[in-house]
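The values are calculated or read from the model by the stated rules, or taken from the named source; none is laboratory data. What you see is a predicted model; the values in this text were computed from it and never measured. Counting neighbours? That spans all protein chains shown, and the Cβs are built from the backbone with ideal geometry, glycine included. The accessibility values were calculated without ligands, DNA or RNA, using every heavy atom of the protein model including side chains. Shrake-Rupley method; radii C 1.70, N 1.55, O 1.52, S 1.80 Å.
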Amino acid sequence: MTKDQLYKELNYVNHSREKRLYYANLVLGQPELVKPLIEILFDVDDKISCRAAWVFEFMCGENLEAIIPHLDIFTQNVSRVHLDPAVRPMAKICEYLTTAYYGNSDTKIKQHLSESHKEKIIEACFDWMINDEKIAPKAYSMNSLYLLGTEYDWIHPELAIILERDFQMQSSGFKARARHILKRINSKK
């Protein structure tokens, strides 16, 4: 399948779990499609990029190690994504990466996620926290930043300031996650 054919196929992707999973498995079954999927995803002003983001998120959810050859491209471009339907999957993938990296299981992500990759994820997550994003990207970012803060000691104080500052203005979902993260941060002091 060519990039143009993949682009046309993405028109059939919708919010249903079934469709996103179908196309994620299609890409996983043909690894040569990952690069064109990422290229479409990072054509950030095209509405089809959102559909590529949904498929990419599901692909990473099914097999996170499939992102390894593309970590440089992903982390260099993740901050460029700005359309709401694409931001949420990008934040979720960052959470997948940080959870795998800081988790107890021995994963290939631990061998391949470099300092520069983590720095780009930190930058993107803080941007999502301070910008006017929906709750889901903020929630995924909070968790990613909390995990990254176990390695980078400056992150927890900065994250706590943002969470406390925004607490009253946010939704109940944000407040619940923020309370949980703040409790974890404060228990580390």
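On a 0 to 90 degree scale, rounded to 10, what angle separates helix 155-166 from the longest Cα axis of the chain? Tilt relative to the chain: about 90 degrees. Evaluated with a Cβ-only charge set (Lys, Arg +1; Asp, Glu -1), segment 109-189 carries a dipole of roughly 500 debye about its Cα centre, given to the nearest 20. Ordered from longest to shortest, the equivalent ellipsoid semi-axes for the chain are 29, 18, 13 Å, each the square root of 5 times a Cα gyration tensor eigenvalue.
The average projected area of segment 7-116, computed from the convex hull of its Cα atoms over all directions, is 6.5 nm². Could you name the lysines whose alpha carbon sits less than 24 Å from that of residue 175, not counting residues in the same chain fewer than 8 places away? Result set, ordered by chain and number: 92, 134, 138, 183, 188, 189. Taking 14 Å as the cut-off, the amide N atoms of segment 1-16 that come nearer than this to a point 7 Å along the Cα-to-beta-carbon line of residue 32 belong to 1-6. Taking the longest Cα principal axis of the chain as reference, the axis of helix 135-148 is set at about 70 degrees. For segment 136-189, the Cα-based Rg and Dmax, in that order, read 10.2, 29 Å. Averaging Cα coordinates gives a centre for segment 31-80 and one for segment 136-177; these two points are 25 Å apart.
Each peptide in 14-20, 108-114 was scored by the mean count of other Cβ atoms within 10 Å over its residues; highest first, the order is 108-114, 14-20.
Within a straight-line Cα-Cα reach of under 13 Å, residue 19 can be paired with the following aspartates and glutamates, leaving aside sequence neighbours fewer than 8 residues apart in one chain: 9, 57.
What is the magnitude of the charge dipole of segment 49-189 about its Cα centre, with +1 placed on the Cβ of each Lys and Arg, -1 on the Cβ of each Asp and Glu, and no other charges, expressed in debye to the nearest 20? Mind dumping the intermediate values first?
On the way: 18 positive and 18 negative charges, 106 e Å.
In debye, rounded to 20, segment 49-189 gives about 500.
With all protein chains kept in place, the per residue accessible area of the chain amounts to 50 square angstrom at a probe of 1.4 angstrom.
Looking at segment 1-65, I'd like the Rg to Rh ratio, where Rg is from alpha-carbon atoms and Rh is Kirkwood's inverse mean 1/r. On the Cα set of segment 1-65, Rg over Rh gives 0.91.
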